[in-house]
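Before any comments, here is the structure.
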Amino acid sequence: MGATRTMRCRLALLASMIFVPITSVVAQEEEQQELTEITVTAARVANERPAGTYASVATALRFDPVTELQSRGLPEGQADVTVRGGLFENTGFKAGAVTIMDPQTGHYVAELPIDPDFLDMPRLLTGVDNAVAGFNSNIATVEYAFREIEESGEILLGAGSDNLRFQSIRLANSARASSGRDIGYAMSAAGSRGDGTVENGDHEFSRFNVHVQLGGERQQTDFLLSYQDKFYGWPGAYTGFASLPETDHTKTALLLGNHRVETGNGFFEVGAFYRRLEDDYDFNRTTNESGAPGSFDHETRVLGAGFRGALSGGGLDWHYAGQLASDELVFSTDLTEGDFTSRDYVSLSLVPTWTRTGAGARELILRFGASVDWTNRDGGEVSPLLGATLRFAGRAATPYLSFEYAETSQVPGYTVLNSRPAGLFGGNAGLGREKARQLALSAGRDGENWDGKVTVFYRADDDLVDWTFATGAPFARQANAVDIDVLGAEIFARRRWEEFDVVGSYTYLDKDADYGSAVVDASFYALNFATHRATLALRYRFASDFELRWDNEYRRQRDNPLRDGSDEALLSSLALAWDPQGGFGLALTADNLTDDDYQQFPGTPAVGRQLSLSASYQW
């Protein structure tokens, strides 16, 4: 209790140092040109609901053209999210103004117990955008905004192969208060259980959400309480040894508040959260736990607050953001070897933006600035950033060219720092800040009927934390630092017709890694990447209220001596849905339609084909 109280006091002190001056600046509305942030989010995948359980925030990322999701068993059970050849700890998840972090391990950053129906479609921040708005996430941030609550409801029941059963209910209502503000209330509950497509691949999930929203002219306030209890089993999930019947049981509680207001010359958003995660991992479910080392039981808590905004002044648009957090490793049977079990973080960024409009609706946008990251355990780092965009506004479309240079830094979690130096998951308390220097060139087109983008990028990762394997110690994983040069290219295109939506992408990656003096024969994460990856999503509205939804991914993985089977994969998800706007609906869904046995993590068995039929009633 004393440690928790100290953590709260540190957070309150840091919050007062940052929020008081920022809010005083925002309160002074200047009589200058109106600056409005416009965020366009559209579905980039066809299937937003899986065959194997209820939907989570990870579901819509399974076939995303740029965001790559690597799962152990069900994607909704456990999923690592990587972008542009980064690692699972290099991608953050943001809701409103705050990035909700997991201090134990990046494997749990996607453990957001939020019902995705309460959120808008995810927006991916990379390069300068990530450097400004991200927090302890070197490569990318998956950002969510809160959806406006409207009177509605849905009951969903589903069943499928391998004794699958799942169900959910969502209720929402909105009313006008005497003050003139809209008050919205929403709740949802979901549950799922099944035996899985492999032996010892069972799961049992439950999730509960309560959402309260206050809406008014040019402002919105959201309060969210979420809880999820999630047990799943998967052989070789983290070890890569399929003979081990592993299980992972997490209980996640999240309390979040967020407020956004559109001012006369910009916007301001502020949020705060509390997150607690209890984790009970077993590498062999047949053994009895004793609470001693080897039981892999952990509990973490995080308090965080953040802000961001934009305003005009002095001929510039000023974009700014910041976040502070305080974490605590409350309890652990195995993360006991490091130098500390609590840490405070502060991140601040300021990006002045200069815009000049020329002849022919040509617009030049220059961004320059820096971010500052600091922790009381690792010191601080100043990271510069620079961006230039040339836009050619037209009547039907807006072509553009852009250049970005961004530096970022982050620190590793407690599984890296506090694990014993040798054993099943060997830690390394001496690892410190990871840094990335990123350069990207893009050409694209924004249009009403179709849009696309081509990006070529280079990144230098310094002291990136990877988990590696040496032939002489086959049952040990070791955390090692690696310097990697990453070269890549991304092609993305989306076309909309009256009956069809098509989204396609292609990504190429190449890496050159230097592990220094460490003995490394294979990498579980940094060198577990696809040299070629292509996605294709199709939505076909072929009759009244009927829709065909088809997601596909082809990948050719870099050779890894730990992987069994092919380095190529063709993954596909197909759904046939009768989905009227209100009333009764049906959906027949198949995941891994080709029953591909490709191992997303070397040695970890793939999820087999899953089939399910769901019935829903909406009002």
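For the reader, a short list of remarks on this structure follows.
- Scanning the range 390-425 for residues that are more than 17 Å from residue 375 (Cβ to Cβ), surrounded by 19 or more Cβ atoms within 10 Å (Cβ to Cβ) and small (Gly, Ala, Ser) returns 402, 406, 419.
- Across the range 581-619, the number of residues qualifying as more than 24 Å from the chain's Cα centre (by Cα), in a loop (DSSP other than H, G, I, E, B) and farther than 19 Å from residue 163 by Cα comes to 7.
- Yes/no for residue 446 being free of Cβ contacts under 8 Å to residues at least 40 places away in the same chain and among the charged types (D, E, K, R): no
- In the set (1) among the charged types (D, E, K, R); (2) in contact (Cβ under 8 Å) with a residue 60 or more places away in the chain; (3) surrounded by fewer than 17 Cβ atoms within 10 Å (Cβ to Cβ), the condition left unmet by residue 490 is number (3).
- Flag set for residue 268, criterion: crowded, with 17+ Cβ neighbours inside 10 Å, touching a helix residue (DSSP H, G or I) at 6+ places or on another chain (Cβ under 7 Å) and part of a strand (DSSP E or B).
- In a residue-by-residue description of the range 298-306, the property of being under 30 Å from residue 254 (Cβ atoms) and surrounded by fewer than 17 Cβ atoms within 10 Å (Cβ to Cβ) applies to at least one position.
- Subset tally (residues that are acidic (Asp, Glu) and over 20 Å from residue 455 (Cβ atoms)) for the range 489-511: 3
- Here residue 372 meets the list (1) surrounded by fewer than 22 Cβ atoms within 10 Å (Cβ to Cβ); (2) more than 22 Å from residue 407 (Cβ to Cβ) almost entirely, failing just condition (2).
- Filter result for the condition that a residue is over 20 Å from residue 379 (Cα atoms) and among the aromatic types (Phe, Trp, Tyr), over 281, 345: 281
- From the options 198, 128, 142, 109, residue that is of a type in the set (A, V, I, L, M) and closer than 15 Å to residue 59 by Cβ: 142
- Unique match (being modelled with pLDDT under 95 and crowded, with 17+ Cβ neighbours inside 10 Å) among 542, 500, 524: 524
- Residue among 177, 189, 159 that is among the aliphatic types (A, V, I, L, M), surrounded by fewer than 20 Cβ atoms within 10 Å (Cβ to Cβ) and free of Cβ contacts under 8 Å to residues at least 12 places away in the same chain: 177
- Within the option set 446, 451, being surrounded by fewer than 18 Cβ atoms within 10 Å (Cβ to Cβ), acidic (Asp, Glu), farther than 18 Å from residue 518 by Cβ and in contact with a Phe, Trp or Tyr (Cβ under 9 Å, 6 or more places away or on another chain) holds for one residue only, 446.
- Yes/no for residue 179 being of a type in the set (Ser, Thr, Tyr), under 16 Å from residue 118 (Cα atoms) and over 27 Å from the mean Cα position of the chain (by Cα): no
- Every condition in (1) farther than 22 Å from residue 101 by Cβ; (2) β-branched (Val, Ile, Thr); (3) modelled with pLDDT of 95 or more is met by residue 372 except one, and the failing one is (1).
Residue by residue, here is whether (1) part of a strand (DSSP E or B); (2) farther than 25 Å from residue 232 by Cβ holds:
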| position | (1), (2) |
| --- | --- |
| 112 | no, no |
| 128 | no, yes |
| 136 | no, yes |
| 142 | yes, no |
| 158 | yes, no |
| 162 | no, no |
| 191 | yes, no |
| 199 | no, no |
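- Within this structure, residue 451 fails the test of being part of a strand (DSSP E or B) and within 28 Å of residue 246 (Cα to Cα).
- Matching residues in the range 209-259 - criterion: being of a type in the set (Ser, Thr, Tyr) and more than 23 Å from residue 146 (Cβ to Cβ): 232, 238, 239, 243, 247, 250
- A single entry from 351, 330 fulfils the requirement of being surrounded by fewer than 23 Cβ atoms within 10 Å (Cβ to Cβ) and of a type in the set (A, V, I, L, M): 330.
- Qualifying position, being more than 26 Å from residue 97 (Cβ to Cβ) and either at pLDDT below 95 or not in a strand (DSSP E or B) (or both), among 247, 287: 287
- For the range 33-48, the criterion of being of a type in the set (Asp, Glu) and modelled with pLDDT under 50 is met by at least one residue.
- As for the range 226-238, it holds no residue that is modelled with pLDDT under 95, assigned to a strand (DSSP E or B) and over 29 Å from residue 563 (Cβ atoms).
- Failed item, numbered, when residue 334 is tested on (1) in contact with a Pro (Cβ under 6 Å, 6 or more places away or on another chain); (2) assigned to a strand (DSSP E or B); (3) closer than 25 Å to residue 77 by Cα: (2)
The values are calculated or read from the model by the stated rules, or taken from the named source; none is laboratory data. All values derive from a computational prediction rather than experimental measurement. Neighbour counts are summed over all protein chains in view; Cβ atoms, including those assigned to glycine, are modelled from backbone coordinates with ideal geometry.
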